[in-house]
Amino acid sequence: MEIIPVIDLLQGQVARAQRGERSHYLPIQTSLRAGSDPADITDALLELYPFKTLYIADLDAIQGRGSHARIVCGLAQQHPQITFWVDSGIRAPEQWEYRDMENIRCVIGSESLETLRQYHRLMEELAPVLSLDFGRDGFIGATALLEPNCWPENVICMTLSKVGSYEGADVETLTRLLRHAPQTKIYAAGGIRDADDLQQLKTLGITGALVASSLHDGRISASEIARLMA
């Protein structure tokens with residue numbers, strides 16, 4: 001199983017996500033490092049464990065309120081050995097700001113897409129990771145995106161209503177996605193509490209998990225990460 005730390009960028013700082021309610025997000029407080037500077041938090045995560053992939057949500061860009069492109073590019077240049085999965089809320093290929101960065105990969109979130117045509121254009125030009133986003137009331141985005149025949153190799157199941165909640169992963173939705181597309185690499189995101197949750201997902205057949213709160217709160221140790229990643 002691959003464990004991928006999440007970095008949520010908001011107004012130049014790393015924020016702590018809470019159930020997708022972005023107006024309530026505050027600068028992160030973490031046991032790993034003082035402060036909320038993106039470079040410092042990235043270093044702290046990599047000191048905890050030599051992760052190969054980090055996920056970045058540019059929340060300002062997703063909400064149409066600016067961009068953290070300078071910060072993201074700086075992180076990618078500082079850590080060329082890391083692959084950064086970046087969701088910046090793009091709806092068209094020309095909005096992608098990282099074409100010259102070999103270690104930055106595009107993530108497209110279903111919450112940002114209104115039509116299947118937008119999705120197909122992005123797929124053709126950027127070969128992105130797809131994030132299927134779920135809120136309190138179910139799926140967010142064009143419902144046609146729930147058809148497995150249009151999915152790329154890597155798909156994130158992002159249950160926004162569980163993010164930062166410590167309620168456990170959305171096993172029901174994950175199981176449904178796995179059943180519909182057993183050959184797809186499914187990544188879980190939202191609600192993960194500890195190593196036991198990750199082990200459950202690994203046993204279920206989930207390829208990887210996006211994790212934030214449980215890392216910052218010290219609920220998953222480096223030795224547990226190593227065991228799960230083996």
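What follows draws every value from the coordinates through simple rules; no lab data is involved. Remember, it's a predicted structure, so these values are computed and weren't measured experimentally. Don't worry about glycine lacking a Cβ; one is built from the backbone with ideal geometry, like all the others, and counts go over all protein chains shown.
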(Q) Could you check the spin-label model distance between HIS120 and ARG176? Points 7 Å from the Cα along Cα→Cβ, value in nm. (A) 2.5 nm
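Helix-only mean residue ellipticity at 222 nm, the chain, DSSP H runs n ≥ 4 weighted -39,500 (n - 2.57), per residue, nearest 500. What is it? All intermediate terms of the calculation are to be shown ahead of the outcome.
Details: 8 runs with 68 residues, N = 230.
Dividing the helical sum by the residues of the chain leaves -8000 deg cm²/dmol.
Report the extension gain between ALA144 and ALA69 in nm, rounded to one decimal, defined as 0.36 nm multiplied by the number of residues separating them, less their alpha carbon distance.
Working: separation 75, 0.36 × 75 = 27.00 nm, distance 3.00 nm.
Value of the extension gain: 24.0 nm.
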(Q) Taking only Cα atoms of the chain, what ratio of Rg to Rh do you get with Rh as the Kirkwood inverse-distance radius? (A) 0.93
Q.
Looking only at the chain, where both bridge partners belong to it, what percent of the DSSP beta bridges are antiparallel (to the nearest 5)?
A. 20 percent
Q: Return the whole-Å distance between the Cα centroid of segment 70-129 and the Cα centroid of segment 34-62.
A: 17 Å
Q.
Give me the one-decimal nm value for the distance between modelled label points at MET101 and LYS185, 7 Å along each residue's Cα-to-Cβ direction.
A. 2.0 nm
Q. Around PHE84, with a cut-off of 13 angstrom between Cβ atoms, what is the net charge of the other residues, counting Lys and Arg +1 and Asp and Glu -1?
A. -2
Q | Zone of GLN18's modelled label, taken as backbone nitrogen in segment 124-158 under 18 Å from a point 7 Å along Cα→Cβ | A | 136
Q | Rg in Å to one decimal, and Dmax rounded to a whole Å, for segment 1-69 via C-alpha atoms | A | 12.1, 35
Q: Taking amide H positions as placed in the peptide plane 1.01 Å from N, state which residues far from SER131 in sequence (5 or more) or on other chains have amide H under 5 Å from it.
A: ILE108, GLY109, SER110, ILE156
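State the Kirkwood hydrodynamic radius of segment 61-196 in Å, one decimal place, computed from all pairs of distinct Cα atoms.
Values: mean 1/r = 0.0635 Å⁻¹.
Kirkwood hydrodynamic radius for segment 61-196: 15.8 Å.
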Q: Could you tally the net charge around THR115, taking each other residue with its Cβ under 15 Å from the Cβ of THR115, Lys/Arg +1 and Asp/Glu -1?
A: -1
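Cβ under 12 Å from LEU146's Cβ, LEU146 left aside: what net charge do those residues give with Lys, Arg +1 and Asp, Glu -1?
Details: positive: ARG176; negative: ASP133, GLU147.
Cβ neighbours under 12 Å give a net charge of -1.
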